[in-house]
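The values are calculated or read from the model by the stated rules, or taken from the named source; none is laboratory data. No experiment lies behind these values; they were computed from the predicted model shown. What goes into the accessible areas is simple: the full protein's heavy atoms, side chains included, and nothing from ligands, DNA or RNA. Shrake-Rupley method; radii C 1.70, N 1.55, O 1.52, S 1.80 Å.
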Amino acid sequence: MRGSESRTGKSARLSAMSAGVAARSMARMKGVQMLMFKYTVFYIVLIVLVNFGFSVVPLWPVLDVMFPPMSLAVGLVFVARDFAQREIGHRVWFAMGAAGLLSYLMADPFVAIASVLAFAISEAADWGVYTYTKKPFAERILISSIVSTPLDSAVFLAIIGHFSFLGCLLMTVAKLLGAIIVWQIVRNDLSER
């Protein structure tokens, strides 16, 4: 009887050890899965934060135009989309939809709708340029941002009722600055490899 108890005890210990190893392996796999989608998650969170910022950060008077300072961060959204598309392919459209829905729920719905419409138009252009140009990654980031940022600025400002040529130009330049900074970092990183 005692021998069978000790075999049962060993089996229980082995089972517990196996369960612990399996649990640790699964936790590592979940961590790896989260790392696999890090750019996609960053892209979604960035869109929500920018839209929330448009809801709460006041406009600044710049050259007789009311300028939304959050537009400085929008250039990063377009670059983040390029990284997310590189990570998950054409499923990036689902990430755009999720970000739009979260923005609607968490930010001012009017700003979220204006943002989603502007993003849909400009991101479609960004997606098309990024997808169909066969340039190196760093160049596609820059070219797609040059095409998409003026569209986003014009559509967004028109919908929220703040469109002016100067405002659109300022917002586009601000977005492109963010894109150019990231483009330079990516280009330097890729050239060092």
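For segment 80-193, what are the per-bin percents of Cα-Cα distances with bins 10 Å wide, up to the bin holding the maximum?
Per 10 Å bin, starting at 0, the Cα pair percentages come out as 14, 41, 35, 9, 1.
Round to the nearest 10 and report in Å² the accessible area of GLU139, as given by a 1.4 Å probe over the protein chains' heavy atoms.
80 Å²
For segment 53-179, what is the relative contact order in percent, using Cα pairs closer than 8 Å and at least 6 residues apart in sequence?
Answer for segment 53-179 is 35 percent.
Using amide H atoms built 1.01 Å from N in the peptide plane, name the residues 5+ places from VAL62, or on other chains, whose amide H lies under 5 Å from its own.
Excluding prolines and chain starts, which carry no amide H, the hits are PHE67.
Shape of segment 53-117 from its Cα gyration tensor (a ≥ b ≥ c, root eigenvalues): rounded if a/c is under 1.5, otherwise prolate when a/b > b/c, or oblate?
Verdict is oblate for segment 53-117.
May I ask you to compute the full-extension gain from VAL41 to LYS135, defined as 0.36 nm times their residue separation minus their alpha-carbon distance, rounded to one decimal in nm?
Extra length from VAL41 to LYS135 when fully extended: 31.3 nm.
Rounded if a/c is under 1.5, else prolate if a/b is larger than b/c, else oblate: which is segment 133-193, with a ≥ b ≥ c the root eigenvalues of its Cα gyration tensor?
It comes out prolate by the Cα gyration axes.
From the phi of every residue in segment 92-105, what ³J(HN,Hα) in whole Hz does the Karplus formula 6.51 cos²θ - 1.76 cosθ + 1.60 yield, where θ is phi - 60° and glycine or proline is x?
In residue order, the calculated couplings are 4, 4, 5, 5, 4, x, 4, 5, x, 5, 4, 4, 4, 6 Hz.
Need one value: the accessible area of ARG140 in square angstrom, 1.4 angstrom probe, rounded to the nearest 10.
So the heavy atoms of ARG140 present about 50 Å² to solvent.
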